[in-house]
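Here's the structure we're looking at; comments come further down.
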Amino acid sequence: MLPLSLLNTAQGHPMLVELKNGETFNGHLVNCDNWMNLTLREVIQTSPEGNRFWRLPECYIRGNTIKYLRVPDEIIEMVKEDAVRQRQATGGGGRGRGGSRSGGGGNSGRGEVFDVIFNISYYDY
Amino acid sequence: MDNFVPGAFFTTSASLVDSVDRKLLVVLRDGRKLIGVLRSFDQFANLVLQDTIERIYVGDAYGDIPRGIFIIRGENVVLLGEIDLDKEDEVPLRQVPVEEILIAQREEMEARQRREKLKNKLLHDQGFSVDFTETDLY
């Protein structure tokens with residue numbers, strides 16, 4: 001499960017994108033590519049200081065301007081299911097490099113993730 | 001991180017593979033410290049951290065903010081290191097509530113800006129050029 005395949009799995013889900021300049025974008029991921037370029041819908045943009053907000057119906061983000069992405073906790077489970085489905089489809093075993101090892105470590109506070117994501121500007125600098 | 005083979009090139013992938021499923025501290029270029037479990041990485045050292053908290057340090061105090069899953073673009077990482085689970089509770093720091101640490105952080109930032117302003121003014125009065133503005137220095 002590579003970082004970019006996790007991003008692929010997150011399509012259609014809410015996420016938070018922070019750019020290198022500190023601006024954040026909250027929205028639903030519509031599409032992404034191998035360069036981490038993204039398109040989002042129903043976006044709330046926040047200024048680096050966290051004091052100004054804009055609503056955008058959709059936006060495009062060039063991958064190389066991104067600092068990090070935050071995705072809902074559930075996505076990790078979904079990517080595991082995707083992997084199982086793919087293995088069944090190809091009928092082969094084996095793991096890819098960097099693949100996730102068996103589960104481990106229970107998740108805490110799942111279900112609050114959407115609140116956290118949409119209230120993030122409260123905590124941000 | 002002890003899979004260094006003499007004669008082999010140092011690569012991020014070779015050194016990170018042992019850290020998968022371990023608890024890591026990641027420092028970003030903007031000074032943020034994230035603590036989470038490394039689940040995945042790629043050839044650019046893009047990282048996936050699970051059950052992440054953001055830890056803010058001010059003096060001998062720190063505060064934790066739960067953040068969840070991060071996909072960090074590798075180029076923003078300054079350093080990362082495994083956390084020794086046996087020793088992590090022995091640090092001589094005190095944990096304070098989030099609200100408290102955020103206030104302390106803002107005060108620290110404002111104090112630094114005041115110092116910087118004063119310093120620039122003094123330098124300017126002495127005839128020095130003060131058009132240098134501090135960036136992240138990386």
- Output field shielding_mean for B:32-41 (other chain Cβ, 10 Å radius) holds 4
- Message: Between 0 and 90 degrees, rounded to the nearest ten: what's the tilt of helix B:98-125 against the longest Cα principal axis of chain B?
- Response: 50
- Applying the Karplus parametrisation 6.51 cos²θ - 1.76 cosθ + 1.60 with θ = phi - 60° to the phi angles of segment B:43-48, what ³J(HN,Hα) value in whole Hz is obtained for each residue in order, glycine and proline being reported as x? 5, 8, 6, 4, 10, 10
- Item | Gaussian network model of chain B, Cα within-10 Å springs - most flexible of B:GLY36, B:GLY59, B:GLY127 | B:GLY127
- Note on the structure: For segment A:34-84 the trypsin sites (Lys or Arg not before Pro) that pass both the DSSP coil test and the at-most-16 other-Cβ-within-10 Å test are A:ARG52, A:ARG62
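Explain nothing, just the number: dipole magnitude of segment B:1-130 about its Cα centre with +1 on each Lys and Arg Cβ and -1 on each Asp and Glu Cβ, in debye rounded to the nearest 20. Numbers along the way, then the final one.
On the way: 18 positive and 23 negative charges, 145 e Å.
In total the dipole reaches around 700 debye.
Calculated from DSSP H runs of 4 or more alone, at -39500 (n - 2.57) each and per residue, what is the 222 nm mean residue ellipticity of chain B, nearest 500? If you can, show how the numbers build up before the last one.
Working: 2 runs with 33 residues, N = 138.
Using -39500 (n - 2.57) per qualifying helix, the result is -8000 deg cm²/dmol.
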- Task: On each of the three principal axes of the Cα atoms of segment B:12-125, give max minus min coordinate, whole Å, ordered largest first.
- Result: 54, 31, 22
- Considering amide H positions built from the backbone, and no H for Pro or chain starts, which residues 5 or more places from B:ASP30, or on another chain, come under 5 Å of its amide H? none
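Take peptide A:2-15, look around each residue's Cβ out to 10 angstrom, count Cβ atoms belonging to other protein chains, and average those counts.
On the way: counts 6, 14, 6, 3, 6, 3, 0, 0, 2, 0, 0, 0, 0, 2.
Per-residue shielding by partner chains comes out at 3.
Here, each number is a calculation from the coordinates, and none is a lab measurement. All of these numbers come straight from a predicted model, not from anything done at the bench. Ideal geometry is used to build each Cβ from the backbone, glycine not excepted, and the neighbour counts take in all protein chains shown.
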